[in-house]
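Enquirer: If you scroll down you'll find the structure; I have some questions about it.
The values are calculated or read from the model by the stated rules, or taken from the named source; none is laboratory data. Since we're looking at a predicted model, the values are computed, not measured. Ideal geometry is used to build each Cβ from the backbone, glycine not excepted, and the neighbour counts take in all protein chains shown. Heads up: the accessible areas ignore ligands, DNA and RNA and are worked out on the full protein's heavy atoms, side chains in. Shrake-Rupley method; radii C 1.70, N 1.55, O 1.52, S 1.80 Å.
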Amino acid sequence: MSSRLSSPTGWLLLGILLTTSLLTQARSVYGTVSKVSSGDLITVKHASGTYQVRLYGVDAPDSGAFSADAKRMMVKLLQGQRIRVRVMTRNQNGEMVAQLFVDGHDVGVRLLKAGFALRVPNVHYKPTIKGQADALVLAETEARRANRGLWLQPPTVTAIGDGATAAATLPDAFRAAGTSDTNASKKSGDDNECAIVIDPTNTQRLFQSCNTSSAGLFAAFSSDGGLTWGYPDPADKTIADGDPGQGQNSCCDPTLAWDRFGNLYVTYINGSLDAIVTLLSTNGGSTFSEIGNFAGSVDQPTVVAASVAANAAVWVVWNQDGDIVARGAQATGLGTVSAFSAVQSIGSSDCNFGDIAIAPSGAVVQVCESPSGGEGPADLRMNVDVDGLGAGLWSAATTVTATNVGGFDFIPAQNNRSVDSEAGLAYDSSPASPRFGRLYMVYTEETNDESDDLDILVRFSDNNGTAWSAPIQVNDDTTTRSQFLPKIAIDPTSGNVGICWHDARNSATNSSMQLYCAIATPTATPVFTANVQTGDAASTSNGAGVEFGDYMGLAFVGGKLHPVWGDTSNSTGDNPDGTLNFDAYSDSVPLTSSTIFKNSFEN
């Protein structure tokens, strides 16, 4: 076996870095295996270059008994094959550490079942059902009971740890608006990569959901505008974990929408089935029924809902086997939602990490980043379906803009997981707005490639993406530090544009973040207000698993921004893990009433 972590320090790193389960990750690239170096190390060729990829949670012998068998099996399964690489992190050698799929099968699990590798101690996939053993444990148990491979004799080396990464740096002002942060989850383990929505029929009612280390998804609801939170299942604060009435099992990637009739949609990935699941709740998130289940090699879903004439359109878009696909449905009342359409190929290959938005006219626009790997540069591609749920097809992809932020761009604040440009779309759907029907796109740019000086930019289009404005910078700092993972939302009562993001401007080492927000009124060319520090204290990634994730959540109505994000600061003093793990933090930020914006609104 490998002995890269044979020292006590190595074992400590392993324990710290592999406490988060794999399937909180759903960040994939697709490529061709150009080389098999050993039973757990391969080279993958991708449009953005080549990656050295190490199997997560699985350690094959580098020499001695069964090392040749493990390599031969990997060659047979992978050499020259197009595979899916579900990335977890990168290790101290600069290798991607990932779960590998070929023809829908988990390569690490197959290697364990054959007895040609051992499971890294204390490493598990995220549980799919409470109390159930995960696929890694089951595969190793099967090989051991059948006396296969390495289980014919005791392993001669016990130092295992190809999946470990370098330790994250431990945590190294002002507050202008909003209430104090609220810790909605207060759970052990990591709760991060969150989404949040507001009920259009009752704007005091909110719902949020996040990835979580335990089975299912963290889920909470509020009936007082986000000041306090309750739970569909108070016993474990999760849904989609195998409990009755809470949806089939989830690995990750929650995304939310709420339509004009009060229908709440929760979409996520079922990792064990490799399927996109959509749930419907008609009672504010207390109970759920399944209305969609789309199988395939899937990643990064987004669900949106918007009013179109007297009804509501609902769309789900995701990456399937490297291409962007979508399905649409129509809601005509509370609990009355049509079947989803057949899968529509949008036509953007090797594109991921995007978003979708519905125009008041019913037109649908999606944006994604291509290539989906690499440190950049990359393009943000857009497709349009002008008649939405009608019989028309999606347009060919066009490039909105280039960006130096690649699909896997490593920055100090998220050095193991990386970030992408995280393009987001939002339509102005306020009839009172002078820019009703305008489409906005937020994304991340890097001033000079690999400088880690990332900025948040916005463009807008008044013709459904046919033409776009010049970029407008949202962050107003004068540092060369990172702003990343932005989220955009439009206030339906005014057309005001709200954006929140992770911001490292106050970190001398560019490695910790605080949440910042800004807004703009719907003028001919929007001008964003002075940035407001919304997060009460700085958070530093624990260096494990999803870290800050690929996205955060944001809702905006009645002049109040409602962001939700993964936070390690423990500024509220009620994180059971202190500053070691992420909890789901939220806030209610009345920016329009803040005197800091008075001049902006008068101009």
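Enquirer: Given the structure, is ARG327 surrounded by 22 or more Cβ atoms within 10 Å (Cβ to Cβ) and either in contact with a His (Cβ under 8 Å, 6 or more places away or on another chain) or among the basic types (Lys, Arg) (or both)?
Expert: Details: surrounded by 22 or more Cβ atoms within 10 Å (Cβ to Cβ): no; either in contact with a His (Cβ under 8 Å, 6 or more places away or on another chain) or among the basic types (Lys, Arg) (or both): yes.
No.
Enquirer: Among strands (runs of 3 or more DSSP E) lying entirely in the range 544-603, which contain 1 or more residues that are open to solvent by 10 Å² or more (accessible area, probe 1.4 Å) and modelled with pLDDT of 90 or more? Spell out how you get there, then give the answer.
Expert: Working: elements: 553-557, 560-567, 583-586.
Passing ranges, in order: 553-557, 560-567.
Enquirer: For the range 102-126, how many residues meet the condition of being crowded, with 23+ Cβ neighbours inside 10 Å and either among the small types (Gly, Ala, Ser) or more than 21 Å from GLY149 (Cα to Cα) (or both)?
Expert: Total meeting the criteria: 4.
Enquirer: Continuing with the same structure: Which condition breaks for SER494 when tested against (1) in contact with a strand residue (DSSP E or B) (Cβ under 9 Å, 6 or more places away or on another chain); (2) crowded, with 19+ Cβ neighbours inside 10 Å?
Expert: Result: SER494 passes all but (1).
Enquirer: Hey, does the range 431-446 have a residue that's over 14 Å from ALA520 (Cα atoms), surrounded by 21 or more Cβ atoms within 10 Å (Cβ to Cβ) and touching a His at 6+ places or on another chain (Cβ under 7 Å)?
Expert: no
Enquirer: Can I ask one more? Please enumerate the residues belonging to the range 277-305 that are modelled with pLDDT of 95 or more, in a strand (DSSP E or B) and hydrophobic (A, V, I, L, M, F, W, C).
Expert: Hits for the range 277-305 are VAL277, LEU279, LEU280, ILE291, VAL303, VAL304, ALA305.
Enquirer: Something else about it: Going through ALA219, ALA240, ALA235, ALA309 one at a time, which residue ends up being closer than 28 Å to GLY407 by Cβ and among the aliphatic types (A, V, I, L, M)? Working first, answer last.
Expert: Working: ALA219 fails: closer than 28 Å to GLY407 by Cβ; ALA235 fails: closer than 28 Å to GLY407 by Cβ; ALA309 fails: closer than 28 Å to GLY407 by Cβ.
Every option except ALA240 fails the conditions.
Enquirer: Further, regarding this structure: Condition test on THR141, is it surrounded by fewer than 16 Cβ atoms within 10 Å (Cβ to Cβ) and either modelled with pLDDT of 50 or more or more than 30 Å from ALA305 (Cβ to Cβ) (or both)?
Expert: Values: surrounded by fewer than 16 Cβ atoms within 10 Å (Cβ to Cβ): yes; either modelled with pLDDT of 50 or more or more than 30 Å from ALA305 (Cβ to Cβ) (or both): yes.
So THR141 fits the description; yes.
Enquirer: Starting from the range 499-516, keep only residues that are over 16 Å from THR478 (Cα atoms), then list their pairs with residues that are at pLDDT below 95 and open to solvent by 10 Å² or more (accessible area, probe 1.4 Å) whose Cβ atoms are within a distance under 6 Å, requiring at least 6 positions of separation or different chains.
Expert: Once the first residue is over 16 Å from THR478 (Cα atoms) and sits in the range 499-516, its partners that are at pLDDT below 95 and open to solvent by 10 Å² or more (accessible area, probe 1.4 Å) give SER511/THR169; SER512/PRO171; SER512/ASP172.
Enquirer: Of the conditions (1) among the aliphatic types (A, V, I, L, M); (2) open to solvent by 10 Å² or more (accessible area, probe 1.4 Å); (3) closer than 14 Å to PRO486 by Cα, ALA518 satisfies every one except a single condition; which number is it?
Expert: Result: ALA518 fails condition (2) only.
Enquirer: Moving on to the next point. Which residues, taken from the range 554-575, are in contact with a Gly (Cβ under 9 Å, 6 or more places away or on another chain) and farther than 30 Å from ASP355 by Cβ?
Expert: ASN570
Enquirer: Quick one: in the range 521-543, of everything that is of a type in the set (Gly, Ala, Ser) and buried (at least 19 other Cβ atoms within 10 Å of the Cβ), which residue is farthest from VAL557 (Cα to Cα)? Explain how you work it out, then say what you get.
Expert: Here is the first cut: in the range 521-543, the residues of a type in the set (Gly, Ala, Ser) are 524, 530, 535, 537-539, 541, 543.
Filter once more, so that each one left must be buried (at least 19 other Cβ atoms within 10 Å of the Cβ): 535, 537-539, 541, 543.
On the way: GLY535: 19, ALA537: 25, ALA538: 26, SER539: 27, SER541: 30, GLY543: 34 Å.
Going through the qualifying residues, I end up with GLY543.
Enquirer: Show the residue pairs meeting these rules: Cβ distance below 6 Å; 6+ apart or different chains; first residue within the range 76-97 and under 12 Å from THR32 (Cα atoms); second residue of a type in the set (Gly, Ala, Ser).
Expert: Taking only residues 6 or more apart or on different chains, the pairs are ARG84/SER28; ARG84/SER297; VAL85/ALA98.
Enquirer: Quick one: in the range 455-470, of everything that is aliphatic (A, V, I, L, M) and open to solvent by less than 60 Å² (accessible area, probe 1.4 Å), which residue is farthest from ALA413 (Cα to Cα)? Break it down stepwise before answering.
Expert: The initial filter retains those residues of the range 455-470 that are aliphatic (A, V, I, L, M), namely 456-458, 467, 470.
Then keep just the ones that are open to solvent by less than 60 Å² (accessible area, probe 1.4 Å); that gives 456-458, 467.
Details: ILE456: 16, LEU457: 19, VAL458: 22, ALA467: 34 Å.
Here the residue is ALA467.
Enquirer: If you don't mind, there's one more thing I want to ask. Collect the residues in the range 36-71 that are modelled with pLDDT of 85 or more, open to solvent by 60 Å² or more (accessible area, probe 1.4 Å) and either closer than 25 Å to VAL123 by Cβ or hydroxyl-bearing (Ser, Thr, Tyr) (or both), keeping them in residue-number order.
Expert: THR50, GLN52, ASP62, LYS71
Enquirer: Right, here's the next one. Against the condition touching an Asp or Glu at 6+ places or on another chain (Cβ under 6 Å) and of a type in the set (S, T, N, Q), how does SER28 come out, does it pass? Spell out the reasoning first.
Expert: On the way: touching an Asp or Glu at 6+ places or on another chain (Cβ under 6 Å): yes; of a type in the set (S, T, N, Q): yes.
Taking the combined requirement at face value, the residue satisfies it.
Enquirer: Which residues, taken from the range 402-417, are outside any strand (DSSP E or B) and either open to solvent by 10 Å² or more (accessible area, probe 1.4 Å) or basic (Lys, Arg) (or both)?
Expert: As a first pass, look at the range 402-417 and keep what is outside any strand (DSSP E or B): 404-408, 412-413.
Answer for the range 402-417, where residues must be outside any strand (DSSP E or B) and either open to solvent by 10 Å² or more (accessible area, probe 1.4 Å) or basic (Lys, Arg) (or both): ASN404, PRO412.
Enquirer: Something else: Hey, VAL365 hits all of (1) in contact with a Phe, Trp or Tyr (Cβ under 7 Å, 6 or more places away or on another chain); (2) surrounded by 23 or more Cβ atoms within 10 Å (Cβ to Cβ) but one; which does it fall short on?
Expert: (1)
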